[in-house]
Structures are given as structure tokens and as C-alpha cells.
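Chemist: Before I ask anything, here is the structure I am working with.
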Amino acid sequence: KALILLCMMMSMGSFAQTKTEVLDVARKANEYFMNKWSDPTTPTNFKIARESNLWTRSVYYLGLLALYDQDPQKHYLDHLDKWGNYHNWEPYKKEYTTFDADYMCCGQVYCQRYFLDGKEERYKKIQKFFNNQIAANYHSGWTWIDAIHMAMPGFAMMTTATGNKKYIDFAMKSYRWTRDSCGGNGLFNKEEGLWWRDKNFVAPYKESDGKNCFWSRGNGWVFVALCRVLNQLQPTDKYYKELL
């Protein structure tokens, strides 16, 4: 998250234009983050301390992997591996009894790391977390739109990693429930093409100016999530056109 925000806040009063300029800004933002939080095993601390494989740090590593894709520097992966090895490539809640999407975000990082080196231990433990949710047939857990970003691409990546379609099938059922049913009529406002944050903001809720209330970050993350899922699918896949 910090990497994305800092990249947007470009300095010197002008926006980067070329790939080289964009990469230069991204490197500076990332180096600032890696220097300030040089030990990735240190718990995050916002009001209370939490283990660093919660969604907040996981989102950072998704950004780092995107940077690595364009700028393959070994110390990026060294930093990520120190984090992953410390957490034994496990989910935030190691008892595997919760289906909270925030605890599943690290699974995307683990799967993407596996895609780079083929070491199955990167995703095997988080796979149990995904399997338990599928076994429980729990399709109504994504009650706030951030959850689509936290969990859905991970299920798609698990299908890529294992070849088993049950993961993407589960993700699509869960996504459709959030889109069409959560809060009564779903969290997606078809007329405006935007998502309500959760059931508390769907109609008839209005802001003081009489307008609907939409959450910018949440909407951005939904669209990012759909793109990340599309990247795991073939254009001929039955889900591809629906998501596109």
C-alpha cells in the first residue's frame, strides 16, 4: 500500500512519463519502505501489534512482486523470503479456523513466489486454509468489498498452482454472492458502475448531500482483483468473459 501511494505522489511537480522514470520513482519509494522497515518479521503496529503476515504487509509484498517483475533485483526476493520463511509460509491465523479474507491475502504472495521458483512449500500450508473454506461451503464471507481483493486472486492462483478448478469455482460463487446478494441486492450498483463498501451503505443509505456513498480504495481494489484473476485465466475460460 505504501509503495502504491508513494508512487502516485510523484515529486518535482511533474509526472513520470517513460518506463525508466516510472521505475526510478518506484525504486525510490520501495527503498524508503525497505529502509524504514528493514526487518520484515517485526509485527505491524497500528493501535495494537499484529503479526506481519496480516493483509497490510501482504499488500506491500504484492507491490514488491509487481516491481520485481519489471525490475528483477535479488534483494527484493531476499526481503520477501525472510518474511515468508519467518511465517513458515502460513496464514495469519495458524489454527485455520477462520475464513476472514484479511488473513488470506498473504496466500497471493506465497503463490506468486511459488510461480517464480516452483517450490511447493511456498503454498502448501496456505492451501489448507483455502481447502477448509471450500469444505465448509462458506460462500457468504466477503461482506465488504476489500475482501474481494484480499481473497479472490488467491483462489485463482491456487487453481493455477494445482490445476484444480475447485478454487476458482469457489471464488466465483463467493464473488457473485457479494456482487448480487450481499445486503439484499448485492454490493454492486449497476446504474453507477461502482461498489458500496458493505451492506450498511447500500440504498436507501444516503450521504448528507443526498448522494450515494462509495469508497474509492475499495472500488479500486475490486477492479484490481478482477484484473489479477483474469491474469490467471485463459481467454477461453468460462469465467473470463464474465469478469472482463
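Chemist: Please express the Cα-Cα pair-distance distribution P(r) of the stretch 19-162 as a list of whole percents, one per 10 Å bin, running from 0 to the bin with the greatest distance.
Modeler: Whole-percent P(r) values from 0 Å outward: 11, 42, 34, 12, 1.
Chemist: Hey, another quick one. Peptides 217-226, 231-240, 46-55: what's the order by average Cβ count within 10 Å, highest mean first?
Modeler: Values: 217-226: 17.7, 231-240: 13.3, 46-55: 16.1.
Those peptides, ordered most packed to least, come out 217-226, 46-55, 231-240.
Chemist: Counting only residues 5 or more places away or on other chains, whose amide H sits under 5 Å from the amide H of residue 186 once H atoms are built in the peptide plane?
Modeler: HN-HN under 5 Å from residue 186: 181.
Chemist: Which value results when the Cα radius of gyration for the stretch 133-218 is divided by 2.2 N^0.38 Å?
Modeler: Here the answer is 1.21, to two decimals.
Chemist: Further question on the same structure: Per DSSP helix of 4 or more residues, -39500 (n - 2.57); summed, then divided by the residues of the chain. What does that give at 222 nm, rounded to the nearest 500? Write down the numbers at each step before the final one.
Modeler: Numbers: 10 runs with 129 residues, N = 244.
That calculation yields -16500 deg cm²/dmol at 222 nm.
Chemist: Take peptides 133-144, 32-43, 200-211, 166-177 and line them up by average Cβ neighbours within 10 Å, highest first, as a rough protection proxy.
Modeler: Per-residue mean Cβ counts within 10 Å order the peptides as 166-177, 133-144, 32-43, 200-211.
Chemist: Using protein chains only and a probe of 1.4 angstrom, how many square angstrom of residue 227 are accessible, to the nearest 10?
Modeler: 80 Å²
Chemist: Starting from the amide H of residue 194, placed 1.01 Å from N in the peptide plane, find each other amide H under 5 Å away whose residue is 5 or more places distant or on another chain.
Modeler: 189
Chemist: For residue 19, project a label point 7 Å along Cα to C-beta. Then give me every residue of the stretch 49-67 with its amide nitrogen under 16 Å of that point.
Modeler: So the set is 66-67.
Chemist: Leaving ligands, DNA and RNA out of it, work out the accessible area of residue 242 with a 1.4 Å probe and give it in Å² to the nearest 10.
Modeler: 70 Å²
Chemist: At R0 = 25 Å, how high is the FRET efficiency between residue 165 and residue 140 if r is their beta carbon distance? Nearest 0.05 is fine.
Modeler: After rounding, the FRET efficiency stands at 0.75.
Chemist: Still on this model: Give me the distance in nm between label points sitting 7 Å out from Cα along the Cα-to-Cβ direction at residue 173 and residue 47, one decimal.
Modeler: Output for this residue pair reads 3.3 nm.
Chemist: Label residue 224 and residue 56 with points 7 Å out from Cα along Cα→Cβ: what is the distance between them in nm?
Modeler: 1.6 nm
Chemist: With every protein chain present, what is the per residue accessible area of the stretch 86-174 (1.4 Å probe, Å²)?
Modeler: Value for the stretch 86-174: 36 Å² per residue.
Chemist: Report the Cα-based extents of the chain along its three principal axes, largest first, to the nearest Å.
Modeler: 48, 47, 43
Chemist: Then there is this: Convert each backbone phi in the stretch 70-75 into a coupling constant with the Karplus relation 6.51 cos²θ - 1.76 cosθ + 1.60 (shift: θ = phi - 60°), then list the ³J(HN,Hα) values in order as whole Hz, x for Gly and Pro.
Modeler: Per-residue couplings from phi come out as 9, 9, x, 9, 4, 5 Hz.
Chemist: Tell me the accessible surface of residue 228 in square angstrom (1.4 angstrom probe, heavy atoms of protein chains only), to the nearest ten.
Modeler: Surface open to solvent at residue 228 totals about 50 Å².
Chemist: Residue 82: which lysines have alpha carbons under 27 Å from its alpha carbon, excluding same-chain residues fewer than 8 sequence positions away?
Modeler: 1, 28, 36, 47, 74, 93, 94, 119, 124, 125, 128
Chemist: On the first, second and third principal axes, largest extent first, how far apart are the outermost C-alpha atoms of the stretch 100-244 in Å?
Modeler: Largest to smallest, the principal-axis extents are 54, 29, 24 Å.
The values are calculated or read from the model by the stated rules, or taken from the named source; none is laboratory data. This is a predicted model, so every value here is computed, not measured. Cβ sites come from the backbone with ideal geometry, for glycine too, and all protein chains shown count toward neighbours. Areas reflect the complete protein model, heavy atoms only, side chains present, ligands, DNA and RNA absent. Shrake-Rupley method; radii C 1.70, N 1.55, O 1.52, S 1.80 Å.
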